[in-house]
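The values are calculated or read from the model by the stated rules, or taken from the named source; none is laboratory data. Bear in mind that the values here come from a model prediction, so they are computed numbers and not experimental data. Here the Cβ positions follow ideal geometry from the backbone for every residue, glycine too, while neighbour counts run over all protein chains shown. Ligands, DNA and RNA are stripped out before the accessible areas are found, and what is left, the full protein with its side chains, is counted by its heavy atoms. Shrake-Rupley method; radii C 1.70, N 1.55, O 1.52, S 1.80 Å.
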Amino acid sequence: MAEPQPVFRFAPSPNGYLHLGHAASALLNASLAKRLGGRLLLRIEDIDIGRSRPEFEAAIVEDLAWLGLRFDEPARRQSEHMAEYAAALQELGRRGLTYPCFCTRGEIAARVAEAEAPGRSWPRDPDGAPMGVCPCAGLSLADRQGRIRAGEPHATRLAMAAALEAAGDAPLGWTEWDPASDGGRHVEADPARWGDVVIGRKDVPASYHLAVTHDDALQGVTHVVRGADLREATHIHVLLQRLRGLPTPVYHHHGLVLDADGRKLSKSIRSTALRSLRAEGVTPGEIRRRLGALIA
Ligand code: GLU
């Protein structure tokens with residue numbers, strides 16, 4: 001049987017302008033898709049309704065076209081698929097793998113401050129969120145239902161212990177693909193480092209982890225090529241894939257473009273935004289040369 005055609009994707013969030021780091025990711029995806037005879041998709045990850053803006057989306061599309069990138073299908077916009085994510089959340093909930101969390105940011109911050117007062121530091125997940133400060137897992141079903149019926153805002157957390165049990169004993173992990181050699185290395189997943197991670201936000205029935213894994217599967221993505229800053233998230237992604245019966249693509253987490261001080265680029269720093277560089281007269285060819293080995 002013929003190998004299925006590889007599918008790559010570039011999945012920016014429209015909460016700022018694309019910078020050199022995004023250009024590196026998009027160009028690397030494009031060059032690998034070309035090398036493997038694959039397709040390249042664009043996905044707009046705009047579930048963060050507070051920070052996503054249509055003008056940033058329009059700028060992303062324009063900047064990618066300026067770089068010379070073409071995508072194989074119209075972009076998938078996550079905000080148009082909330083019902084799918086809600087259904088996925090409900091299904092995990094029916095299986096007892098989630099619970100509603102009514103904590104406010106202020107309550108969590110106060111509990112952590114209290115616990116850290118004696119000079120201890122409280123454990124955090126890879127995103128820096130404090131772990132194990134939410135007492136909501138212990139609420140009775142009647143309490144949960146009553147508070148939800150009363151309209152109290154709540155996030156949805158993955159009940160990690162139950163999720164790991166449901167995941168079963170088969171090894172859990174992913175292939176970290178090395179495009180240079182076309183070899184792969186197995187990485188064992190350790191999702192517990194995330195604790196009872198939020199998989200549904202208070203404002204929308206999804207989180208990055210839920211939506212990204214749902215869409216990668218739905219769009220038939222076979223190769224996820226993204227920055228090394230998202231590597232930790234893969235530990236959660238493979239667990240969600242296992243729980244939901246979704247395929248696990250291969251992953252390549254590429255090196256990041258750093259600023260002169262060795263820090264990761266940020267959307268709030270305008271100097272490396274593609275628009276600023278373009279306004280200064282930098283050409284797409286010069287961007288490619290500047291990114292050099294990162295996109296080869
Ligand atoms: N939307 C995410 C971001 O812009 C990237 C998601 C991914 O590549 O998995 O950081």
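Things to note:
- Residue in region 65-73 that is within 14 Å of the ligand (Cβ to nearest atom) and either assigned to a helix (DSSP H, G or I) or out of contact with any strand residue (DSSP E or B) (no Cβ under 6 Å at 6 or more places or on another chain) (or both) present: no
- The set of residues in region 228-248 that are open to solvent by 10 Å² or more (accessible area, probe 1.4 Å), within 17 Å of Gly184 (Cα to Cα) and within 11 Å of the ligand (Cβ to nearest atom) contains only Arg231.
- Every residue from region 196-227 that is within 24 Å of Ala23 (Cα to Cα) and more than 15 Å from the ligand (Cβ to nearest atom): Gly220
- Here is the figure for region 49-95: residues that are within 25 Å of Arg290 (Cβ to Cβ), touching a residue at least 60 places away in the same chain (Cβ under 8 Å) and aliphatic (A, V, I, L, M) total 2.
- Cβ pairs under 8 Å, 6+ apart, first in region 214-235 and at pLDDT 95 or above and β-branched (Val, Ile, Thr), second open to solvent by 50 Å² or more (accessible area, probe 1.4 Å) and away from the ligand (no atom under 11 Å from the Cβ): Thr222/Pro4
- The listed residues are Gly21, Gly16, and the only one of them that is crowded, with 18+ Cβ neighbours inside 10 Å, assigned to a helix (DSSP H, G or I) and of a type in the set (Gly, Ala, Ser) turns out to be Gly21.
- Test set (1) in a helix (DSSP H, G or I); (2) open to solvent by less than 70 Å² (accessible area, probe 1.4 Å) - Pro126 fails condition number: (1)
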